[in-house]
Amino acid sequence: MGYNISIYKKIYEEYSQKYVIARERAQMREAELHYKIPQIAEIDRQLSKVGLEIFSAALADKANYEERLAEIRHKNEELQAERARLLEAYRYPVDYTDVKYECAKCCDTGFVDTKMCSCMREALVLAGIENSGFASLIREQSFDNFSLDYYSKNPLNRERMRKNVEYLKAYAENFNDIGSPSILMFGGTGLGKTHLSSALAKKVIEKGNDVFYTGAIDLFSEFEFDRYKSKGRDGAALIDRYFDCDLLIIDDLGTEIINQFSVSTLYNLINDRLSRKKATVISTNLSKDEIQKKYTDRIWSRLFGEYHILFFVGTDVREQKLLKK
Ligand SMILES: Nc1ncnc2c1ncn2[C@@H]1O[C@H](COP(=O)(O)OP(=O)(O)O)[C@@H](O)[C@H]1O
Ligand SMILES: [Mg+2]
Ligand SMILES: [Zn+2]
């Protein structure tokens, strides 16, 4: 899942059009205005000459330059004031012909200086999520519709789950693309691991970060594919996103086929992200012992030494919901 080259190209094109469209729309409003109010057309014609007037004043008469400049300025102000009066009289907003960008930060170019604007990052991530099928989860599963009532049978369970939610909310709130800790979610099926991952992803995306969500099965098959395919010109990027995104969510670790390749892939990925202080959220139905047995001590010590661990407890919420129906 996530944005691939074609999604990036699509968004990039949308942005180059957005910028042009915003300017064209302003020009259309101006044309409309000039047609309806010819006095404004005349004023705009005069205003457009101001630069040239200043320039020729500077060339023509050095002695009286300051005086002439003040005159031009004064005339300019009067024209502006008259223009505003006319707009008001005809009930147009005063900024009617200004270019109106969706994003004031980047003027719809998608970039501020050379850095990608958060609006474009968000558009990219949302487009990527849209493409992955995770979008439906993100739309359905939020902190708001996560209920602690499903854990109420046992007050200790409820309290633990309340703390998990509290932790994840604060985590999302304070998320930093460098330095936020990684998280390991433990617990049986239907206890809300994926639900809270979606809720977390949504918040982190909303803050303008690149979030990639992947099931463990898909992740390893993509690495496997990458390993065997001949490296073409545009082939390099496929697995890069697992390393480079701001928050990587690996769901259902342990459902994939575990072999030497998958174990070393996982180790490299975990290790690389830890060393670059990039956060990863892993959820699993496996127990601590199973993880240690299946994934070697190296991985085990990384996960248990450096991830923040959340235990999910209670009884299968999916089942509880079915029983209530
Ligand atoms: N506390 C909760 N409140 C509301 N719905 C929940 C809660 N926990 C889980 N669900 C719902 O139950 C189903 C299973 O939850 P899920 O997050 O997929 O479990 P897990 O990933 O732990 O197996 C999903 O449809 C999810 O939205
Ligand atoms: Mg799940
Ligand atoms: Zn922007």
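The values are calculated or read from the model by the stated rules, or taken from the named source; none is laboratory data. A quick note: this is a predicted structure, and the numbers were derived from the prediction, not measured. Using ideal geometry, Cβ is built from the backbone for each residue, glycine included, and neighbour counts are taken over all protein chains shown. Only protein heavy atoms, including side chains, enter the accessible area calculation; ligands, DNA and RNA are left aside. Shrake-Rupley method; radii C 1.70, N 1.55, O 1.52, S 1.80 Å.
Among the residues of the range 171-190, just one is open to solvent by 50 Å² or more (accessible area, probe 1.4 Å) and not in a loop (DSSP other than H, G, I, E, B), namely Glu173.
Residues are listed down the side, and each one gets a yes or a no for (1) more than 27 Å from Tyr150 (Cβ to Cβ); (2) in contact with a strand residue (DSSP E or B) (Cβ under 8 Å, 6 or more places away or on another chain):
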| residue | (1), (2) |
| --- | --- |
| Tyr171 | no, yes |
| Ser180 | yes, yes |
| Met185 | no, yes |
| Leu191 | no, no |
| Leu196 | no, yes |
| Lys207 | yes, no |
| Phe212 | yes, yes |
| Gly215 | no, yes |
| Ser221 | yes, no |
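Pairs are defined by a Cβ separation below 9 Å, a sequence spacing of at least 6 or placement on different chains, a first member in the range 164-177 that is more than 21 Å from Ser118 (Cβ to Cβ), and a second member that is among the polar types (S, T, N, Q); the pairs so defined are Leu168/Ser197. Arg139 falls short on exactly one of the conditions (1) touching a residue at least 12 places away in the same chain (Cβ under 8 Å); (2) away from ligand 2 (no atom under 16 Å from the Cβ); (3) not in a loop (DSSP other than H, G, I, E, B), and that condition is (1).
Within the range 95-141, the set of residues being within 16 Å of ligand 1 (Cβ to nearest atom) and exposed (fewer than 15 other Cβ atoms within 10 Å of the Cβ) comprises Gly133, Ser136, Arg139, Glu140. Is it fair to say Leu196 is closer than 15 Å to Phe311 by Cβ, in contact (Cβ under 8 Å) with a residue 12 or more places away in the chain and open to solvent by less than 10 Å² (accessible area, probe 1.4 Å)? Here the answer is yes, as Leu196 does meet what is asked. The criterion of at least 1 residues that are surrounded by 15 or more Cβ atoms within 10 Å (Cβ to Cβ) and on the phi > 0 side of the Ramachandran plot is met, among helices (runs of 4 or more DSSP H) falling completely within the range 240-325, by 288-306.
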